[in-house]
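Okay, so here's the structure we're looking at.
The values are calculated or read from the model by the stated rules, or taken from the named source; none is laboratory data. In this text, all values refer to a predicted model and were calculated from it rather than measured experimentally. Backbone-built Cβ (ideal geometry, glycine too); neighbour counts: all protein chains shown. For accessibility, only protein heavy atoms count, side chains too; no ligands or nucleic acids. Shrake-Rupley method; radii C 1.70, N 1.55, O 1.52, S 1.80 Å.
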Amino acid sequence: MDFWYKLIVTGLLCIVLNNTAFAYINAEGIQIYQESLHLSAVHKQNLAEDINRYYNAGNLWEVLRQEFILPHYEDNPIVQAKIQWFLNHPDYLMHSMTRAGPYLFFILQQIKKRHLPAELVLLPIIESAYNPFALNASSGAAGIWQMMPVTASGYGIRQNWWYDGRRDVVASTQAALNHLAYLNSFFEGNWLLAIAAYDTGEGNVLSAIRKNITNGENTDFWSLPLAQETRDYVPQLLALATIISHPDQYPIPFPPVSNAPYLAEVDVGGQIDLKLAAYLAGLSLKDLKRLNPGYSHSSMDPQGPFKLVLPIESVEQFTENLSNSAFSDRIKLSSRPSALDSSFTSISKQAHPTKLALHKKRHVSNIQELLTTPRVASAFVAPVENYSLQPGDTLYMVRTGDDLERISRRFHVSAKKLAMVNQINRYQSLHLGQKMIIPTHSNNQDNVQHYALTPGDTVYMVRHGDTIEKIADKFHTTPEAVRLANLLASNQLEEGDQLVIPTHV
């Protein structure tokens with residue numbers, strides 16, 4: 001899904017009137033929305049103009065090659081060998097450039113802000129192929145910049161159970177470029193040494209320099225006795241810059257990228273479930289996570305910050321839906337567990353999960369914190385008093401065109417039973433976003449397999465005898481997708497666990 005967009009016109013200021021906060025221009029190159037409330041008519045018009053400007057902007061690749069300032073050593077045989085490698089693997093470049101599309105303009109602006117070489121925008125292609133979810137299992141490096149935990153922490157990057165800022169493209173880019181600026185200063189403006197140090201560490205580069213001085217040898221990058229990985233690393237970057245600088249000589253058709261801002265950051269004002277956020281914005285969960293890869297679980301850190309990156313075309317829809325009272329009530333958090341959380345607590349107590357087991361699986365030391373921390377369930381408030389949510393039940397959000405009969409056919413539950421469980425009139429109209437508890441715990445597996453669930457609709461309560469494979473098969477997805485969505489390190493499940501089912505994601 002294409003979701004790039006244009007930044008609000010330079011000079012727009014933050015205006016506060018009648019408790020409504022408008023966007024203001026941020027020098028960081030990302031549009032900030034301080035509060036997710038209704039946008040004014042003027043602001044909506046500005047938004048529409050910015051989107052139009054985005055689609056009429058020139059190609060960033062054309063601009064980028066004009067911004068390059070480093071010598072590329074095109075005649076160096078090592079650089080030539082790397083150029084040939086890229087030419088022999090065009091799919092690698094195409095996949096990398098496609099992933100980079102949503103982030104390139106922001107990263108280039110951050111580079112220009114720091115007066116760094118524009119060539120650095122290509123570094124994540126070598127590090128991670130611009131995959132924000134990339135993880136080096138052996139070193140522990142993560143994100144598009146492949147930052148190590150200690151390095152990231154030194155630049156203020158948060159890393160906890162809920163969030164890993166190394167995967168957050170906005171946060172990690174700022175930290176990585178600050179680190180590169182430091183390395184350049186450390187090596188007194190020698191960018192080849194600074195880039196080498198980004199790969200192997202300044203200590204290793206300094207040690208190689210000292211060794212060459214002792215042996216009376218040159219101390220330029222090409223002469224240093226560095227590890228082979230690092231000796232390849234710098235020429236790879238120079239080779240990429242050379243290819244982009246000479247499109248006539250190296251005609252690789254990079255996917256076009258608009259030379260205009262496209263990141264919009266919305267402060268949602270509190271913890272929100274990501275599936276609900278995607279639903280409100282009209283996005284798939286996959287698209288939302290691609291712009292918000294720092295979040296490790298199904299919702300934001302309850303301690304904040306509560307920032308969400310969205311395509312500019314989705315900002316108005318998201319803020320309008322979020323400001324609607326029906327939606328707002330479902331995301332405002334309370335210090336007390338919701339009725340539905342209480343149901344979860346009751347189920348968990350029935351299943352007798354131990355604190356130790358919960359701690360091992362969720363990395364949460366307090367069972368009450370686990371059971372009352374809003375995740376997918378936080379978007380709903382249980383409408384029943386006499387029905388107790390059972391393991392295997394489904395939580396459903398009403399979509400356009402739904403009625404009780406249609407929902408009952410989809411889940412193979414009688415309309416009468418649905419009305420009774422949710423304490424509603426069987427013949428009353430349903431409204432968009434209305435929460436529904438579907439008593440699917442009594443359905444056998446064959447029945448469940450006949451209907452298709454939609455993204456954002458399902459939270460599944462594990463029942464006795466369930467396995468990852470059975471649940472995945474039941475909802476027509478894969479065990480790997482279920483494990484990834486819930487960040488499960490093993491196949492162990494306990495009755496009463498809450499699982500996000502990533503159907504069709």
Does region 251-269 contain at least one residue that is within 30 Å of MET300 (Cα to Cα), of a type in the set (Gly, Ala, Ser), in contact with a Ser or Thr (Cβ under 9 Å, 6 or more places away or on another chain) and surrounded by fewer than 24 Cβ atoms within 10 Å (Cβ to Cβ)? yes
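Report, by residue number, each residue of region 52-88 that is farther than 15 Å from SER245 by Cβ and out of contact with any strand residue (DSSP E or B) (no Cβ under 6 Å at 6 or more places or on another chain).
ASN52, ARG53, TYR55, ASN56, GLY58, PRO77, ILE78, ALA81, GLN84, TRP85, ASN88
This table checks each residue for (1) out of contact with any strand residue (DSSP E or B) (no Cβ under 8 Å at 6 or more places or on another chain); (2) charged (D, E, K, R); (3) at pLDDT below 80; (4) open to solvent by less than 40 Å² (accessible area, probe 1.4 Å).
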residue	(1), (2), (3), (4)
TYR279	no, no, no, no
SER298	no, no, no, yes
PRO311	no, no, no, yes
THR319	no, no, no, yes
SER323	yes, no, yes, yes
ASP329	yes, yes, yes, no
Taking the criterion of being in contact (Cβ under 8 Å) with a residue 60 or more places away in the chain and among the basic types (Lys, Arg), would at least one residue in region 231-241 satisfy it? yes
Check region 375-388 and report whether any residue there is surrounded by fewer than 17 Cβ atoms within 10 Å (Cβ to Cβ), at pLDDT 75 or above and closer than 30 Å to GLY304 by Cα. no
Does PHE86 fit the bill of being touching a helix residue (DSSP H, G or I) at 6+ places or on another chain (Cβ under 8 Å), modelled with pLDDT of 90 or more, within 19 Å of GLY58 (Cα to Cα) and among the aromatic types (Phe, Trp, Tyr)? no
Hits in region 75-108 (condition: open to solvent by less than 80 Å² (accessible area, probe 1.4 Å) and aromatic (Phe, Trp, Tyr)): PHE86, TYR92, TYR103, PHE105, PHE106
Give the residues of region 101-126 that are farther than 15 Å from TRP145 by Cβ and not aliphatic (A, V, I, L, M), sorted by residue number. GLY101, PRO102, PHE105, GLN109, LYS112, LYS113, HIS115, PRO117
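Condition first: at pLDDT 75 or above, surrounded by 14 or more Cβ atoms within 10 Å (Cβ to Cβ) and of a type outside the set (A, V, I, L, M, F, W, C). Can you find one or more residues in region 446-456 that meet it?
No, the conditions are met nowhere in region 446-456.
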(1) part of a loop (DSSP other than H, G, I, E, B); (2) surrounded by fewer than 15 Cβ atoms within 10 Å (Cβ to Cβ): which one isn't true of LYS112, the others all being true? (1)
